[in-house]
Structures are given as structure tokens and as C-alpha cells.
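First the structure, in the form of C-alpha cells, and then the observations on it.
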Amino acid sequence: MELAIYLFSALTLLSALGVVFSAKPLTSALYLVLTLFLVAVHFAMLDAGFLAVTQVLVYAGAIMVLVVFVIMLLGVDEVNEGRRNIPQFVIALAAVSVFVGIFAGLSYTSPLELKNVALPEGFGGIEGIGAKLFCEYVLAFELASVLLLAAIVAAVTLTIEAKRPLPEGRGLKAMHKTKNQGVIS
Amino acid sequence: MELATDILIVVLKAAIAMGALLHIAALTTWVERKGSALIQDRIGANRASIFGFDLAGIFNTLVADPVKAITKEDWLPKGTSQFMHSLAPFLAVFPVLMSFAAMPFGPDITIAGKTISLQLANLNAGLLYVFAMGSLAVYGVVLAGWVSNNKFALLGGLRATAQMISYEVVMGLSIIGLLAVYGTVDLQQIVIYQGENFAALPIPRWGIFLNPIGFILFFTAMMAETKRAPFDLPESESELVAGYMTEYSGMKFLLFWLGEFAEIGVAAAMITVLFFGGWQLPWLDVASFGPILGGLVGAAVFGAKVLFFCVLQVIIRWTLPRFRYDQLMNLCWKGMLPISLVNLMATVAVLIAINSK
């Protein structure tokens, strides 16, 4: 099944390039969803079924939905760059070639030996990951959730606005009161 | 030769599963039109007829409507991406159809010495796969709202997204207690678990008896997830024209429609598999009917239960008034989420108490 591996790797790389080179942010976000979906396919090809499904469920299905939501709320449209930035392009090209050079050098000097290991029973299922996560690494698991909670609380604290008290009464009188109040009440 | 038979079996199972879901969706459309007419004390659609037979509106809903939709002009917007306009209905329908792949239709059947499982994809994490596909269905809605270049559609799309991702949380949390009892997320194993009776009482171990509050929470969350009334603000016909579907006409609109009714079918299938025994009959062993007949009986039982819950969802839709948006969000985060957490703790406490005896 190497053909499948090559095909999906090519698709993943193409859609990742689509993320980088898209004109509109929404198209980039949708290409990223496709990339994450293809990464889940890679997981499935490596017999990690639970990880594949969780990748789609959490990453492509929840996190990216919120990213798309924010893009639509902000109404960010196509970024008009203007002229091309040639020095930036040259530097980026140099950085990418250094990266590719390091990878190529590593793969030729110490080639990976893929051994055919017999997978244990129930590999990639929910029981194995659950046992490790909740028995051995339960402290790290709980700390990670506390970290996420801290991030949420920090985000809300930074962006919340104190409410101005509403004026008494309803209708036109209250409306006129707020009109003359100004920003600092 | 082995490979050819395997491929043939998979293709047949795919055709049957997808065909079943599409038929359920089409039938539910007809049930919706005629059933809503009965509930609202009117006649409903009955004008289209062939040779004078109008079959209580089936020709109108299932023949005339699709023909009309297919032959309509395929309208594309001018100011936004036309490709994304065509992509959005696809993204709304595709995950829903895919999620039916993990549903178990019946017990394993044996034909000519070959054991075939009546489940299109025998996944270890089948339930999570259905949730994953459900969370992908949000993209069609939000993309349709954005690309329509229409403020009302955008509002409908954003509201729908917020509602769907909120109720996904409740949907997941309400089942965890039940999954602790079942001990697995494999849908076929869950159905097999519900075949036996309780240790103390002579009733089958269906999920509804194990966790009734979880059933109410899950049913409500599923109806909110599929944007069915009383949670149908995204497509509220009286407020936002047609919500995120406003700028869609013809077959694309029918694709959204089909996706919604297929989601009703998937929701009904999930409820029967998790809470009502799936393809099991109470006090009877379906597999004991015979190698092939057992599978057919199981599939028939599953289909009957799914249709019952589809009709139930249609009845609920035409009975209850719509939620206001803040009421909807308050219900999710301040009402159902605490109740589902308490439900989880209570179920686990009872499990620990039973297992430590």
C-alpha cells in the first residue's frame, strides 16, 4: 500500500501549500481543514484509528470551526499586498533550502530502518490510550486541562468590558440620558 | 478472487447503507409535509398526481419537488467566490452521509461460509467517528452563510455555528456516563450489550433504562445539533427569510434540505443504537433466527425504530414554538451542561457502588 502513502502525502503537501499561498484568509482556513483531515488519514493508515477520529473531531471539527468563526466575525477580506517583496522572497527561499538541506543530509547519513513490528492486540484503540492517559500520565493530563482553563480565563479577562449601568426608565427619556452621557459616565 | 468478493461485499454494503439513509431522508420529507398538515389541521400538498392517484402527497414531495429543483436555474452570486457557493451544500451533506457508515444494521450474517458484519465500517471508535462527522457538518452551514454576500444569511450562519458547537459539547457529555456502563465505544458491541437482561429484573439492558436523563439530554442536544425546531433559529422561516440557505435555489437548496433530513435519520439511528437496543428485540435473540434471516430481521427492527424516531422528531418540531437565541444559549450552557455533569457523576457513583459489592 505504498501507493496510498505517496498519494496522501502528496495531497497533504499540496493542501498545506494551499494554506500558505491562498489569497483570502477563508480559503486558507478551509485548506487547513483539508490538511488536518488528510493528517487524520495518515493516522488511520498507521493503524491509529482512535487518533485519526480524535484528530477530525477535535482539530478539524472544533478548533478550525472556531478559527473560521473568528474570520467571519472580523470580516477579514483579501489582503491587498501591493507590490511583491523581492528581498523577503529571497530570504524565505534561502531558509527553506537550508531546512530541506538538513533533512536530505540526515536521511542520507542515517537512513531510517523500518522494521515490520507485529502490532499488539487492540493497538490504536481507545483502551490503550485511555489506560496510559488516566493511569500513568494523569498528572500531566490534569495539568494540561488546567493550562487550557487558564488560557480561557486570561482571554476573557483581557477582552471583557465593564458594563455601564443602564439609565433609569424606558423609552425616549432613557435614550436622551445615554446620548448626553458620553463615553466616560 | 478473495479480493473481488470482498470488494463486492463492501460495495453492496455501501450502496445499501447510503441508499437506506437517502430513503429515510426522502420519507421523512414526506412525513414532514403531510404530518405537519395533519398537526396543523390542514390538507397539505396534494396537487401532483399521476393518472389521478396522488398517494397522499408522496408524488408531490418525492417526484414533483426534485424535478422542479433539478430543472431550476443554478444561480451563482456575483460578488463572492462561486466555487465556495457550490462547495457549501456539499460540505453540509457529505459528513452526514458518511456518519451513517458506522451504524450497525443487524447481527453478523453468514452466507456460504463467509461471515459478513452488517456494518459498513466496523470501527473500534465508531461512536467518536459519528461525532467527528457531526462536527464537520458545521462547515457547510458557516460557509453558506458567509459566501452568500447577504447580511441575513451571515447572521443565520453565525448563529447556527455557535448553536451547533455549543450543543456538541452537551451531546458528548451526556453520553459519557452511559459509555462507562457499556465499557466500549464500538457501536456493534454496544448493541450486543443491550441484548441481555438485567441481573435483577427481567427487562433488557437498554440504554434508556440505564440512563434515562442521559436520553433526554442527548435527544435534546441532537435536535439542537441538527437545527430542528424548537432550535431552528438558523433557518427560522419567520425571521431570517431562510437563514443561511437564502441565496440557494434549486438542487443546492434541496441538498441542504436533504442534509438536514439525513441528519434527522442519523440522529434517530444514534438514539436507537445507544438507548433503544439497536437491532435487538426485547426478550428475543435476533441472531437465533438463522444465519441470513437473523440479519434481515435485525435490519427490519432497526429500520422500524429509526423511522419511529424520525416521526417523533417531526411531531416535536410542529408542536413546540421556537427558542429565542439567548434562551437557546442559556439552556445549553447554564442548563444542560450542569445537568449532564451531574448525570455523569451520578452514573459513575452508581457504577462504583455496584462494582464494589
Apply the Karplus parameterisation 6.51 cos²θ - 1.76 cosθ + 1.60, with θ equal to phi minus 60°, to every residue of region B:121-128 and state each ³J(HN,Hα) to the nearest whole Hz, in sequence, with x for glycine and proline. 10, 8, 8, 5, 10, x, 5, 5
If you take the beta carbon distance between residue B:56 and residue B:111 as r and set R0 to 30 Å, what does 1/(1 + (r/R0)^6) give as a FRET efficiency, to the nearest 0.05? 0.20
If I take R0 = 22 Å and measure r between the Cβ atoms of residue B:15 and residue B:63 in this structure, what FRET efficiency does the formula 1/(1 + (r/R0)^6) give, to the nearest 0.05? 0.50
Rounded to whole Hz and in sequence order, give me ³J(HN,Hα) for region A:59-69 from the Karplus expression 6.51 cos²θ - 1.76 cosθ + 1.60, θ = phi - 60°, writing x for Gly and Pro. 6, 6, x, 10, 5, 6, 4, 5, 5, 5, 4
For the table B:227/B:334; A:24/B:72; B:13/B:68; B:34/B:68; A:115/B:114; A:163/B:334, the rows whose alpha-carbon distance is greater than 28 Å are A:24/B:72; B:13/B:68; A:115/B:114
Within region A:37-77, which residues have the backbone N less than 13 Å from the label spot 7 Å out from residue A:20 along Cα→beta-carbon, could you tell me? none
Point-to-point label distance, residue B:341-residue A:76, nm (Cα→Cβ direction, 7 Å offset): 3.2
Mind sorting A:24, B:305, B:357 by how few other Cβ atoms lie within 10 Å of their own Cβ, fewest first? B:357, A:24, B:305
Options A:141, A:22, B:350, ranked by Cα towards positive dipole end of the protein assembly as shown, top entry (Cβ charges): A:22
Packing-based exposure ordering (other Cβ within 10 Å, fewest first) of B:203, B:271, A:160, B:192: A:160, B:203, B:192, B:271
Sorted by chain and number, the residues with a modelled amide H under 5 Å from that of residue B:186, at a separation of 5 or more or across chains, are B:126
Return the FRET efficiency for the residue pair residue B:73, residue B:189: r is the Cβ-Cβ distance, R0 is 60 Å, and the value is rounded to the nearest 0.05. 0.75
Tell me the label-point distance for the pair residue A:133, residue A:107, using the 7 Å Cα-to-Cβ offset, in nm and rounded to one decimal. 3.2
Residue B:334-residue A:45 pseudo-label distance in nm [points 7 Å out on the Cα-to-Cβ vector]: 5.0
As a check on your grasp of the helix formula, calculate [θ] at 222 nm for chain B: sum -39500 (n - 2.57) over DSSP H runs of n ≥ 4, divide by the residue count, round to the nearest 500. -20000 deg cm²/dmol
When only DSSP loop residues count, what trypsin sites (Lys or Arg not before Pro) in region B:1-66 have their Cβ near at most 12 other Cβ atoms within 10 Å? B:42, B:47
As a footprinting exposure proxy, order B:301, B:311 by other Cβ within 10 Å, with the fewest listed first. B:311, B:301
Would you work out if region A:2-162 is rounded, prolate or oblate? Take a ≥ b ≥ c from the square roots of the eigenvalues of the alpha-carbon gyration tensor; rounded if a/c is under 1.5, else prolate when a/b is larger than b/c, oblate otherwise. oblate
What relative contact order, as a whole-number percentage, does chain B give when Cα pairs under 8 Å and 6 or more residues apart are counted? 23
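Just so you know, all these numbers are worked out from the coordinates, no wet-lab data involved. Only a predicted model underlies this, so the values are computations on that prediction, with no experimental measurement involved. So basically every Cβ, Gly included, is an ideal-geometry build from the backbone, and we count neighbours across all protein chains shown.
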